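*Asks:* One structure follows; several queries about it will come next.
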Amino acid sequence: MNTGSCLCKGIKFKVNKFEPLVGHCHCTMCQKFHGAAFSTFVEVKLNQFHWLSGKELLSSYTSDNKTVRSFCNICGASLFFESSYNKLDQTIEVSLAAFDHVENIENIKPNAHIYTESKAKWIEINDNLPQFKSYRS
């Protein structure tokens with residue numbers, strides 16, 4: 001079972017199946033939201049995502065570009081991201097770091113760096129993953 005939670009464990013969820021898109025996002029909003037050089041999200045179909053507890057603890061922030069970033073209102077853990085594309089595709093992006101247990105974790109590998117045009121100046125990308133200045137295009 002693929003299960004995740006926030007830092008205080010008030011929010012818990014499970015995912016039955018992951019989509020193949022797993023990316024390191026270097027946009028400035030992800031940098032601010034996660035307090036890091038980039039965030040790593042895995043895409044999940046909404047019908048494969050299930051709440052175990054704490055949905056009522058979820059808060060969200062909608063940015064100027066209409067993306068929604070969700071977090072625990074107790075501990076502040078950054079958990080989910082949803083763009084207009086996700087809404088149309090009925091998917092959600094889940095922070096890979098929020099998972100406590102992932103079956104076959106060796107199969108869940110980041111496969112791209114996105115929005116590298118705004119990557120932190122103090123980080124150097126040293127792997128062989130494809131790099132995209134904006135989204136995967």
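*Asks:* Amide H of Thr40: which non-local residues (sequence gap of 5 or more, or other chain) have their own amide H closer than 5 Å, using H built in the peptide plane?
*Replies:* Cys25, Leu96, Ala97
*Asks:* Which percent of the accessible heavy-atom area of the chain goes to carbon and sulfur, probe 1.4 angstrom?
*Replies:* 53 percent
*Asks:* Another question about this same structure. Can you tell me the dipole magnitude for segment 6-78 around its Cα centre, using point charges on the Cβ only (Lys, Arg +1; Asp, Glu -1), in Debye to the nearest 20?
*Replies:* Rounded to the nearest 20 debye, it is 180 debye.
*Asks:* Next question, about the same structure. Label points 7 Å out from Cα along the Cβ direction at Glu117 and Leu52: separation in nm?
*Replies:* 4.0 nm
*Asks:* Peptides 13-19, 58-64: what's the order by average Cβ count within 10 Å, highest mean first?
*Replies:* 13-19, 58-64
*Asks:* Across the chain, how many lysine pairs separated by 8 or more positions, or lying on different chains, have Cα atoms within less than 15 Å?
*Replies:* Close lysine pairs found across the chain: 12.
*Asks:* Using unit Cβ charges (K, R positive; D, E negative) and no other charged atoms, how large, in debye to the nearest 20, is the dipole of the chain about its Cα centre?
*Replies:* 220 debye
*Asks:* Follow-up question, since we're still on this one. Kindly provide the Kirkwood hydrodynamic radius of the chain in Å, to one decimal, from all pairs of distinct alpha carbon atoms.
*Replies:* Averaging 1/r across every pair of different Cα atoms and inverting gives 15.3 Å.
*Asks:* When ligands, DNA and RNA are left out and all protein chains stay put, how many square angstrom of accessible area per residue does segment 68-125 have with a 1.4 Å probe?
*Replies:* That works out to 56 Å² for each residue.
*Asks:* Quick one: 3J(HN,Hα) in Hz for segment 29-43, Karplus 6.51/-1.76/1.60 with θ = phi - 60°, rounded, Gly and Pro as x.
*Replies:* With coefficients 6.51, -1.76 and 1.60, one gets 5, 5, 4, 5, 5, 9, x, 8, 5, 7, 10, 10, 10, 10, 7 Hz.
*Asks:* Same structure, new question: How much length is gained on full extension from Lys32 to Ser84, taking 0.36 nm per residue of separation minus their Cα-Cα distance?
*Replies:* Full extension from Lys32 to Ser84 adds 16.7 nm.
*Asks:* Rounded to the nearest 0.05, what FRET efficiency do Phe132 and Asp100 have when you use their Cβ-Cβ distance and R0 = 22 Å?
*Replies:* In this case the efficiency is close to 0.15.
*Asks:* Sticking with this structure for a sec: What share of the DSSP beta bridges in the chain is antiparallel, in percent to the nearest 5?
*Replies:* Bridges in the chain that DSSP calls antiparallel: roughly 90 percent.
The values are calculated or read from the model by the stated rules, or taken from the named source; none is laboratory data. Values in this document were obtained by computation on a predicted structure and should not be read as measured data. Every residue, glycine as well, gets a Cβ built from its backbone with ideal geometry; the counts of neighbours run over all protein chains shown. Only protein heavy atoms, including side chains, enter the accessible area calculation; ligands, DNA and RNA are left aside. Shrake-Rupley method; radii C 1.70, N 1.55, O 1.52, S 1.80 Å.
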